[in-house]
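S.K.: I have a structure I would like to understand better, so I am pasting it below and will then ask my questions one at a time.
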Amino acid sequence: MRTDDQTWAAIDAETERQERQLELIASENHASAEVIAAMGTALTNKYAEGYPGRRYYGGCEHVDTVEDLARDRVTELFGAERANVQPHSGTQANMAAFMAICDPGATVLAMSLDHGGHLSHGHPKNFSGVFYDFHHYGVTEGEEVIDMDEVRDKALALRPAVLIAGASAYSRTLDFEAFSSIAKEVGAKLMVDMAHIAGLVAGKAHPSPIPYADVTTFTTHKTLRGPRGGAVLAEIDVIKKVNSALFPGGQGGPLMHVIAAKAIAFREALAPEFEAYAARVVQNAGAMAARLQERGLRIVSGGTDNHVMLVDVDAKGLSGRDAEDLLHSVEITCNKNLIPYDKRPPMEASGVRLGSAAITTRGLGVDDCVTLADCIADVLEAPTDESVAARVRGAIGELAKSYPIYPEGLATGA
Ligand code: DSN
């Protein structure tokens, strides 16, 4: 039953926007109708501080079942020993991981945000940068890839307690074995934040960090295509520390409706079709990057191995903000992003980050991605030509209509 017309109007408009536009924000995806339905259940009413079998509240028998399902499925999915599925977000997963494996003030070495890292890997205004002594490695100026020799040199000089592998805007395969060998050499713990690539790891389209990492964190809503949230994987000794770091350390009651949705998403990712999905995500990104390059746009590092690419729009005389706005005006959603060694500030930036996870979920294939890349190139080449914009808007509208996200609708009735 709906009584709040104002809120439902905005919810319905957002659902319609997602159907109408093509989503290229690399950290977004379209969760299944079943995942979304689980979040709209009575589980949202339940307090369940603690863990299955050891709660601080009565009446937890059914949410215990749900959390056990989520934990069992995610450990099976990634071949991990233990899991914590309670983090409300990737940043809270990271907070619990830091608290579990190092002390406040500890030295941590991670990828620089300017070169594709993440806020929770030591930005001075983030808890990580406030409470830990972060240092950063980046990508090389020429090839724009992580230089493992530089990582090793920095690690040898700093002797960090923790070395982090993981990024939010890096299009190349991460060499977890090399990170692990450096961590061992300097006596650091290896933490992998696989937020962006978790779905690719689950679908065997990117090597797994599990054999190498002391602790692995991720979000469940990016390539993994689940509800918005986080999770942590580790062996039993570390996960015990993560459990108490998360609750009571960093969070109170878990969001049991979201954990139910995580359980459903993990089951979906265990199905054989998910491997095919992950492979298509990578193929689609590759096709888009190749076509954009043919059309004269520079892709940072010369291409992509995963779902993400950074397009340098500076050479076209545009800022990332201009490009984001232009693409939004033709129904393509993406985000401005710093490129390595960027001369512009973050709110302007010289690049846009594009990702293929969401468009692949709705069914676009390689040929569609070539069409989409042509649309992007057309608009960026003629930013003031309204006839080009009108033609592209029409083409994007047709593509979006051909691949509905929720052909059966959603349980919300929208
Ligand atoms: N900032 C998000 C992203 O878009 O990659 C991750 O937290």
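S.K.: Set the bar at 22 Å for Cα to Cα. Now go through Lys336/Lys401; Lys125/Lys336; Lys154/Lys336; Lys316/Lys336 and name every pair that lies beyond it.
M.R.: The pairs that break the limit, which is 22 Å between Cα atoms, are Lys336/Lys401; Lys154/Lys336.
S.K.: If you count the DSSP beta bridges with both ends in the chain, what percent of them are antiparallel, to the nearest 5?
M.R.: The antiparallel fraction comes to roughly 55 percent.
S.K.: Run the helix sum for the chain: -39,500 (n - 2.57) per DSSP H stretch of 4+ residues, divided by residue count, reported at 222 nm to the nearest 500 deg cm²/dmol.
M.R.: Taking each H run of at least 4 residues, the total per residue is -13500 deg cm²/dmol.
S.K.: Of all chymotrypsin sites (Phe, Trp or Tyr not before Pro) in the stretch 31-136, which ones are in loop regions per DSSP and have a Cβ with at most 13 other Cβ atoms within 10 Å?
M.R.: Tyr56, Tyr57
S.K.: Pick from Gly286, Gly250, Gly117 the residue whose mean-square fluctuation is largest in a GNM of the chain, springs joining Cα atoms under 10 Å.
M.R.: For the chain, modelled as a Gaussian network with Cα springs under 10 Å, the answer is Gly250.
S.K.: Next question. Give the cross-link partners of Lys189 among the aspartates and glutamates, using a straight C-alpha distance below 19 Å as the criterion and excluding same-chain residues fewer than 8 apart.
M.R.: Lys189 reaches Glu81, Asp103, Asp133, Asp149, Glu150, Asp153, Asp175, Glu177, Asp214, Glu235, Asp237.
S.K.: List, in order, the whole-Hz ³J(HN,Hα) value for each residue of the stretch 275-290 obtained from phi through the Karplus relation with A = 6.51, B = -1.76, C = 1.60 and θ = phi - 60°; use x for Gly and Pro.
M.R.: 5, 5, 4, 4, 5, 5, 4, 5, 4, 5, 5, x, 5, 5, 4, 4
S.K.: Mind sorting Arg353, Arg228 by how few other Cβ atoms lie within 10 Å of their own Cβ, fewest first?
M.R.: Fewest to most other Cβ atoms nearby, the residues stand as Arg228, Arg353.
S.K.: Taking the Cβ of each residue in Ile146, Ile359, Ile11 as the centre, tally the other Cβ atoms inside 10 Å and list the residues starting with the fewest.
M.R.: The order, fewest Cβ neighbours first, is Ile11, Ile146, Ile359.
S.K.: Still on this model: Where nothing but the Cβ of Lys and Arg (+1) and of Asp and Glu (-1) is charged, how large is the charge dipole of the chain around its Cα centre, in debye to the nearest 20?
M.R.: It comes to approximately 780 debye.
S.K.: At 0.36 nm per residue, minus the direct Cα-Cα distance, what do Ala13 and Tyr406 gain on full extension? Give it in nm, one decimal, please.
M.R.: 140.0 nm
S.K.: Could you list His136, His206 in order of exposure, starting from the residue whose Cβ has the fewest other Cβ atoms within 10 Å?
M.R.: His136, His206
S.K.: Among all stretches of the chain without exposed GluC sites (Glu not before Pro) (DSSP loop, at most 15 other Cβ atoms within 10 Å), which one is longest?
M.R.: Looking at the chain, 236-347 is the longest stretch - no exposed GluC sites (Glu not before Pro) with at most 15 other Cβ atoms within 10 Å.
S.K.: Name the long-range amide H neighbours of His135: under 5 Å, sequence gap of 5 or more, or other chain; modelled H, no Pro or chain starts.
M.R.: Here the answer is Val108, Leu109, Ala110, since their amide H atoms fall under 5 Å of that of His135.
S.K.: With unit charges on the beta carbons (Lys and Arg positive, Asp and Glu negative) and the dipole taken about the Cα centre of the stretch 1-55, which residue among Met1, Ile25, Gly50 sits farthest to the positive side?
M.R.: Value: Gly50.
S.K.: I would also like to ask the following. Among Pro383, Pro272, Pro340, which one moves the most in a GNM of the chain with springs linking Cα atoms closer than 10 Å?
M.R.: Residue with maximal mean-square fluctuation among Pro383, Pro272, Pro340: Pro272.
Since every read-out is calculated from the coordinates, none of them should be taken as a lab result. Quantities reported herein were computed from a predicted structural model and do not represent experimental measurements. Neighbour counts run over all protein chains shown; Cβ positions are idealised from the backbone, glycine included.
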